[in-house]
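Read the structure below first, then the notes.
The values are calculated or read from the model by the stated rules, or taken from the named source; none is laboratory data. Quick caveat, the model's predicted, so the values are computed rather than measured. Because the Cβ atoms are built from the backbone with ideal geometry, glycine has one as well, and the counts that use them run over all protein chains shown.
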Amino acid sequence: MARIFPIPAVTYDYKPDLDLLPVIAPPYDVLNEKSKAELQDRNPHNIVGIDLPHLPPKTVGPDETYQRAGQMYREWIEQGVLKRRGKPALFAYQQVYTVEGKTFKRRGLFANVRIQEFGPASDGKGGIHPHEQTFGAPKEDRLKLMQATKAQLSPIFGLHSDPDNRVGKLLAHVMDAKDADFFGTTTNDGVLHEVWVVEDDVMIGALAEALEPSDVFIADGHHRYGTALNYRNELQASGELGETDPANYCLFVLVAMQDPGMIVLPTHRVLGGMTGFSMEKFMDVASDLLNVEPFEGDSLDALEAALPNHASTLGGSHAMGLYVPDESDQKLFIATTRSDDPLAASHGNQSQAWRQLDVAILQHAIVEGVCEPHFCDNGQKVTWKFPHSLAQFQHDAEDGQHQLGVIMQATPLDSVRLVSEAGELMPQKSTFFYPKLATGLVINPLD
């Protein structure tokens, strides 16, 4: 992988027994005006004041908003709210969270990663791979903020392979020896974030050596990594970039795909913009592509739970749940593809791993191949919503603007790796890596 290095970090002035809940925040791109105000009401020094200088997120704001964010960041350092650490360090990181009543612990490492272009590394030591598309406006927004603050405020979420648990054992050695040096709780999801400072040169070297052979696959933070790359390239083009310049490095949290707490949750789809939609017609026009059967259960939860076992029983594969809010009697169905490789003819230039993605099959075979030709007028496109929870899924599907809800299964981690290694990108919202990383625990200064 790209080489890792200790971080000359800026952190809050933490105390070992003090929860940093009032000052840390979820990632900027999941916030809105209400949630930002709640964070700032909790503490005027919450990191959101710097990390989200204007709303809505992922849009480009006026220059003065970024300038104020940069000024605020420097003032907080001068006031001692934020402190520069005396010695560069790595930071072992554990998140404790609950899904469906079960508690998980996900372990990772805050580290600076040497920036390189997306793709395999030129020296054969591993590369950095995206798995989703990036867009211009979010990168421009983050670049303006980075230029104003001269800092990376939140980490990129990177995955690596650790089949022999070398990194996992080293992290356990650090974490199991003592309590965390500092911690914080994010109230939007109830996740506990624990951090251990790693300053020992021997341990730093062992972690760097264990990670060196692996590729990094970006789980979350594609736009921010692209921003760091653009920031470095701008300095390089202007002749201002030295070999040891901080802009050569990017703040990551690295988590092993094999970590017991590393899970992926599904992102469902709610489709609108279709006229004259009925399940009877949909089943008819999709009959060459799909087996569609009524679901005998009476809840969305039961339908979601049934999907993994239904591909073989219905004689197809790629099982998805269908919810038709306007149907008076039967609203729940299970659809499976008749072919094991339904995109082979239309997308034969894509890798087998990409063609097997349920999200690709839904988008290209079902939506583009069935829904839009038969239910969208005058070349119109289907509209999409991407709810994570079934409660939000039902709310969106029943809002009067949407005709079909599709309950998806989670994209397997191996698929993320294989598609990324093939140099391909997944459709948007293909993955939901839970929980999100917290912003404000570790900051990487670039000045």
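Quick notes on this one:
Rundown of residues vs (1) at pLDDT below 95; (2) buried (at least 19 other Cβ atoms within 10 Å of the Cβ); (3) of a type in the set (Asp, Glu), yes/no style:
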site	(1), (2), (3)
Asp259	no, yes, yes
His268	no, yes, no
Leu271	no, yes, no
Lys281	no, no, no
Ser287	no, no, no
Leu300	no, yes, no
Leu303	no, yes, no
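- Meets criteria (among the β-branched types (Val, Ile, Thr) and either part of a helix (DSSP H, G or I) or at positive phi (or both)) for Val406: no
- Positions within the range 276-298 being among the polar types (S, T, N, Q) and either part of a strand (DSSP E or B) or in contact with a strand residue (DSSP E or B) (Cβ under 8 Å, 6 or more places away or on another chain) (or both), in sequence order: Asn291
- There is at least one residue in the range 97-110 that is outside any strand (DSSP E or B) and over 25 Å from Glu75 (Cα atoms).
- Scanning the range 1-46 for residues that are among the hydrophobic types (A, V, I, L, M, F, W, C), part of a helix (DSSP H, G or I) and buried (at least 18 other Cβ atoms within 10 Å of the Cβ) returns a single hit, Leu39.
- Out of His347, His395, sole residue that is over 26 Å from Phe157 (Cβ atoms), part of a loop (DSSP other than H, G, I, E, B) and assigned by TED's automatic domain parsing to the domain that holds Asp284: His347
- Verdict on Glu234 being among the charged types (D, E, K, R), more than 30 Å from Lys36 (Cβ to Cβ) and either over 20 Å from the mean Cα position of the chain (by Cα) or surrounded by fewer than 16 Cβ atoms within 10 Å (Cβ to Cβ) (or both): no
- Contact map, the range 120-149: first residue farther than 26 Å from Leu211 by Cβ, second residue aromatic (Phe, Trp, Tyr) and modelled with pLDDT of 90 or more, Cβ cut-off under 7 Å, separation 6 or more or different chains; pairs are Leu143/Tyr231; Lys144/Tyr66; Leu145/Tyr66; Ala148/Tyr66; Thr149/Tyr73.
- Selection from the range 23-46 of residues that are in contact with a strand residue (DSSP E or B) (Cβ under 9 Å, 6 or more places away or on another chain) and under 17 Å from Val81 (Cβ atoms): Val23, Ile24, Ala25, Leu39, His45, Asn46
- Scanning the range 47-68 for residues that are among the β-branched types (Val, Ile, Thr) and part of a helix (DSSP H, G or I) turns up Val48, Ile50, Thr65.
- Whenever a residue of the range 166-180 is exposed (fewer than 12 other Cβ atoms within 10 Å of the Cβ), its partners that are at pLDDT 95 or above and of a type outside the set (A, V, I, L, M, F, W, C), lying with C-beta atoms within less than 9 angstrom and at least six residues away or across chains, give the pairs Asp179/Glu194.
- Ala206 closer than 22 Å to Met257 by Cβ and part of a helix (DSSP H, G or I): yes
- For the range 71-96, taking the residues that are among the basic types (Lys, Arg) and assigned to a strand (DSSP E or B), the one that is farthest from Leu446 (Cα to Cα) is identified as Lys83.
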